[in-house]
Amino acid sequence: MDTKIIVALDFPDYSKAADLVTDLSGTVDFYKVGLESFISCGEKLIHFLKSNGKKVFLDLKFHDIPNTVASASLACLKYDIDMLNVHAQGGSQMMSIVSSEIENYCSRHNLQKPYLIAVTLLTSLSDDHLKEYKINAKNTLEYVVDLAKITQRNGFDGVVASAREVSAIKNTLGNYFLTVTPGIRPAWAAKNDQQRVVTPSEASKLGCDYIVIGRPITASKKPYEAAEKILEELND
């Protein structure tokens, strides 16, 4: 599977997000709607994306008791989304219920099931986080792979993880287990608040299925050119 781009629409209002999608027409067809944009203008923005033939990753990172997360996940299906995520640290029971409820609902209503993805460890966190919370893992790599194993056992399609962990995930769980990787920063872009980062070229070589790109494109004065530059880097 070739590495594909998902552009993060992290904007406080609809017009900025819609303008960016229009600017990127012909280069990107998959977009992430996260907490900020969903709370600000989620339904309108998702409708705009789907009506323009775009794919939607609804990035709300659910983490609550199992029944609450399952109900919230089912409610997301009304938006015809293509990818949905929860936190793997929500536990096996939570993920198992979400997986079975989504599978059953889509089967009964003849719907295409969205990819179910679980967030392992946020790319803004490092080994220091494990020490602070007394997590019994040698390092972030070991912890992420353990969470990925639990995620796969409970019927999910893949995980959100740093590109640095993709090789270990694929070697352990197989090439068809999807990896969605934020924390992607071209060499010419600012690192910002990310810690476990790689370039698009490195992400592609590591076998990432989807890379989530935000500010290197969305904060660029010429987002179309920035997206083209990243696509070229992926294809080198």
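The values are calculated or read from the model by the stated rules, or taken from the named source; none is laboratory data. Here the structure is a predicted model, which is why all the values come from computation and not from measurement. Cβ coordinates were reconstructed from backbone atoms using ideal geometry, including for glycine residues, and neighbour counts include every protein chain displayed. All accessible areas refer to the heavy atoms of the entire protein, side chains included, with ligands and DNA or RNA removed. Shrake-Rupley method; radii C 1.70, N 1.55, O 1.52, S 1.80 Å.
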Checking Thr179 against (1) at pLDDT 95 or above; (2) touching a Pro at 6+ places or on another chain (Cβ under 8 Å), the condition it does not meet: (2)
Of all residues making up segment 157-175, the number that are touching a helix residue (DSSP H, G or I) at 6+ places or on another chain (Cβ under 7 Å), open to solvent by 10 Å² or more (accessible area, probe 1.4 Å) and of a type outside the set (Gly, Ala, Ser): 2
Positions within segment 147-178 being of a type in the set (Asp, Glu) and closer than 14 Å to Met95 by Cβ, in sequence order: Asp157
Flag for Asp64 being open to solvent by 80 Å² or more (accessible area, probe 1.4 Å), closer than 24 Å to Leu178 by Cβ and out of contact with any helix residue (DSSP H, G or I) (no Cβ under 6 Å at 6 or more places or on another chain): yes
Count of segment 15-39 residues which are in contact with a helix residue (DSSP H, G or I) (Cβ under 7 Å, 6 or more places away or on another chain), part of a helix (DSSP H, G or I) and open to solvent by less than 60 Å² (accessible area, probe 1.4 Å): 5
Some residue of segment 103-110 being surrounded by fewer than 18 Cβ atoms within 10 Å (Cβ to Cβ), among the basic types (Lys, Arg) and in contact (Cβ under 8 Å) with a residue 12 or more places away in the chain: no
Residues satisfying the stated conditions in segment 1-38, i.e. within 23 Å of Thr181 (Cα to Cα), among the aliphatic types (A, V, I, L, M) and at pLDDT 95 or above: Ile5, Ile6, Val7, Ala8, Leu9, Ala17, Leu20, Val21, Leu24, Val28, Val33, Leu35
Residue match in segment 75-94 (condition: in a loop (DSSP other than H, G, I, E, B), more than 22 Å from Ile184 (Cβ to Cβ), at pLDDT 95 or above and not polar (S, T, N, Q)): yes
Identity of the residue in segment 114-141, of a type in the set (Ser, Thr, Tyr) and modelled with pLDDT of 90 or more, that ends up most open to solvent (accessible area, probe 1.4 Å): Tyr115
Given (1) of a type in the set (S, T, N, Q); (2) surrounded by fewer than 20 Cβ atoms within 10 Å (Cβ to Cβ); (3) within 30 Å of Glu225 (Cβ to Cβ); (4) touching a residue at least 40 places away in the same chain (Cβ under 8 Å), index of the condition Asn52 fails: (4)
Those residues of segment 67-102 which are closer than 21 Å to Phe38 by Cα, open to solvent by 20 Å² or more (accessible area, probe 1.4 Å) and touching a strand residue (DSSP E or B) at 6+ places or on another chain (Cβ under 9 Å), in sequence order: Thr68, Ala72, Leu77, Tyr79, Asp80, Asp82, His87
